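A quick write-up on the structure given underneath.
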Amino acid sequence: MLKNKETQEKETRKEMMLKVSDIDPKFKYEISKLPGAENVLLCFQCGTCTADCPIARFNDLYRPRKLIRMVQLGLKDKLLSNDVIWLCSTCFTCIDHCPQDVGIADIVRALRNLTTKEGEMPVVYKELASNIRKTGYAYMIPGLRLKKREEEGLPSLPKANVENLAKLCDTTGLSKMLEKVGT
Amino acid sequence: MPESKYLLFLGCVIPYRISSYEISTRKVLDKLGVELVEMPEFNCCGFPLDPINHDMMLTLAARNLCLAEQQNLSIMTLCNGCFGILNHVNKELKEDKKIRGKVNEYLKKIDMEFKGTITVKHLIHVLAQDVGFEKIKESIQKPLNPLRVAQHIGCHVVRPAKYVGFDDPENPTILKKLIRITGAECLNYMDEMECCGAPIIGVNDKIPLQLAREKLDHIRTVGAQALITVCPFCHMMYDLNQPRIEKTFNEKFGIPVLHYPQLLGLAMGLNPDELAFKQLRVDASKILTN
């Protein structure tokens with residue numbers, strides 16, 4: 001059943017209200033230790049990142065400035081369970097334009113890394129990671145394509161050292177992570 | 001002396017579905033006397049793994065860099081994504097001892113060590129800096145005028161500026177110069193630096209399709225007969241996905257999208273079949289009659 005406007009507005013207001021219990025005061029320090037995220041506390045909310053973000057132009061929910069503010073406030077749970085963190089297309093315009101040298105796209109990457117650590121990631125990343133672990137390539141290159149390369153006079157594709165790849169997946173923790181998400 | 005021999009880093013998406021880029025690049029570089037050496041072994045540059053596990057991205061990239069170091073050759077990539085990652089990691093590991101130590105700890109498991117002895121270049125760096133505009137100019141046999149095109153250089157070959165340090169990310173001119181050498185006119189258009197959106201198409205296809213539609217619209221407005229790219233992901237968005245964009249937005253574009261080496265190859269007098277024009281999704285025959 002469709003909710004009436006008033007109920008909807010009430011729910012949105014409730015959703016937007018921040019509770020002290022939602023705040024993890026240490027979160028900003030946790031994030032600022034991750035590579036590229038060191039300057040997260042320097043953000044003074046000018047909004048250049050959002051204004052120049054190509055994704056924000058076509059999506060009402062993706063707002064890089066808001067994500068950085070949420071990090072500063074320590075809204076860890078709201079951030080890590082939020083699908084919008086997967087919308088950054090890593091064009092790096094925000095990084096180049098930020099007057100405070102905040103690595104916005106890198107902070108979004110740090111949020112994604114923390115989410116995958118909890119065992120959640122979009123299906124497409126599971127596939128890419130599993131392809132890389134199995135073949136070295138991000139996509140499963142069909143046998144037909146390999147045959148066509150020969151016909152086109154192209155050299156055969158270099159192969160991956162799958163054994164070494166597996167060792168690297170294990171030592172960096174990727175294997176465990178993929179096990180956790182069921183790949 | 002500028003280098004003339006590189007280790008070719010093909011990446012994943014080119015052998016998967018964009019071999020026209022590889023075919024035309026090999027043809028053109030051969031004419032320019034650039035020697036390409038195949039990777040002895042390969043694994044993905046690491047780009048798709050950065051969102052999942054930053055350490056694994058660093059390690060995968062570093063492993064490719066080590067393979068190049070063993071050959072004592074600099075890497076040349078065709079893909080902006082591969083360039084962005086490999087160049088960034090190469091510079092970071094050269095400068096930051098702490099990260100380098102950590103990555104080398106991982107690499108120890110496979111008896112490898114990052115030493116920091118090579119550089120990473122994209123095809124357009126090789127053309128603009130090492131081959132040089134003069135030499136390219138000398139190779140032109142069939143200037144392409146009055147062809148009018150637009151360029152899309154893509155993001156990772158110019159951003160983030162502090163890691164790339166090549167061309168002006170707000171107003172990149174290198175690809176434009178490379179295009180003008182062929183005799184074609186390179187038109188300016190609105191929002192030239194707008195991202196193609198390809199990296200998120202597996203998560204959300206609506207946004208990238210809208211971004212790509214807008215780019216096609218902008219270049220149509222200025223009367224460009226073709227779009228020129230230097231990245232397989234960008235190419236995929238505008239060429240392979242163009243019919244899908246047309247269907248989604250009920251709009252007809254029919255704008256051919258060429259890899260830069262295809263354009264250069266034409267101007268060198270190579271024939272379109274040699275340059276794999278037939279593999280393009282959007283028919284480019286109408287610009288070939290010029």
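The values are calculated or read from the model by the stated rules, or taken from the named source; none is laboratory data. Everything numeric here is computed off the predicted structure, so don't read it as measured data. Every residue, glycine as well, gets a Cβ built from its backbone with ideal geometry; the counts of neighbours run over all protein chains shown.
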Which members of the stretch B:29-64 meet the condition of being out of contact with any Pro (no Cβ under 7 Å at 6 or more places or on another chain), surrounded by fewer than 24 Cβ atoms within 10 Å (Cβ to Cβ) and closer than 26 Å to B:P261 by Cα?
B:L29, B:D30, B:K31, B:L32, B:G33, B:V34, B:E35, B:L36, B:V37
Looking only at the stretch A:154-180, and only at residues there that are of a type in the set (G, A, S) and more than 15 Å from B:I14 (Cα to Cα), the one that is nearest to the other protein chains (Cβ to nearest Cβ)
A:A160
Can you tell me how many residues within the stretch B:1-28 are out of contact with any strand residue (DSSP E or B) (no Cβ under 9 Å at 6 or more places or on another chain) and either modelled with pLDDT under 95 or over 17 Å from B:L264 (Cβ atoms) (or both)?
9
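Given the criteria under 16 Å from the mean Cα position of the chain (by Cα) and either away from every other protein chain (no Cβ under 13 Å) or at pLDDT 95 or above (or both), does A:T90 qualify?
yes
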Take the residues in the stretch A:44-55 that are in contact (Cβ under 8 Å) with a residue 40 or more places away in the chain and not in a helix (DSSP H, G or I), then tell me which one is nearest to A:R112 (Cα to Cα).
A:C53
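Is it true that some residue in the stretch B:256-271 is modelled with pLDDT of 95 or more, under 18 Å from the mean Cα position of the chain (by Cα), polar (S, T, N, Q) and in the same structural domain as B:V158 (by TED's automatic domain parsing)?
Checked the stretch B:256-271: at least one residue is modelled with pLDDT of 95 or more, under 18 Å from the mean Cα position of the chain (by Cα), polar (S, T, N, Q) and in the same structural domain as B:V158 (by TED's automatic domain parsing).
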Expected single match for touching a helix residue (DSSP H, G or I) at 6+ places or on another chain (Cβ under 6 Å), in contact (Cβ under 8 Å) with a residue 12 or more places away in the chain and crowded, with 22+ Cβ neighbours inside 10 Å among B:L216, B:L227, B:L263 is B:L227
Looking at B:L187 and the list (1) in contact (Cβ under 8 Å) with a residue 12 or more places away in the chain; (2) surrounded by fewer than 19 Cβ atoms within 10 Å (Cβ to Cβ); (3) at positive phi, which single condition is not satisfied?
(3)
Select from the stretch A:95-135 the residues that are over 15 Å from the mean Cα position of the chain (by Cα), assigned by TED's automatic domain parsing to the domain that holds A:R57 and in contact (Cβ under 8 Å) with a residue 24 or more places away in the chain and list them in ascending order.
A:H97, A:C98, A:P99, A:Q100, A:D101, A:V102
Which residues, taken from the stretch B:24-72, are in a helix (DSSP H, G or I) and among the β-branched types (V, I, T)?
B:T25, B:V28, B:T59
Given the conditions (1) within 27 Å of B:F47 (Cα to Cα); (2) part of a loop (DSSP other than H, G, I, E, B); (3) of a type outside the set (G, A, S), which single one is not true for A:L41?
(2)
Criterion first (at the interface with chain B (Cβ under 9 Å from one of its Cβ atoms), touching a helix residue (DSSP H, G or I) at 6+ places or on another chain (Cβ under 7 Å) and not basic (K, R)) does A:T183 satisfy it?
no
Within the stretch A:85-127, how many residues are closer than 20 Å to A:C46 by Cβ and in a helix (DSSP H, G or I)?
10
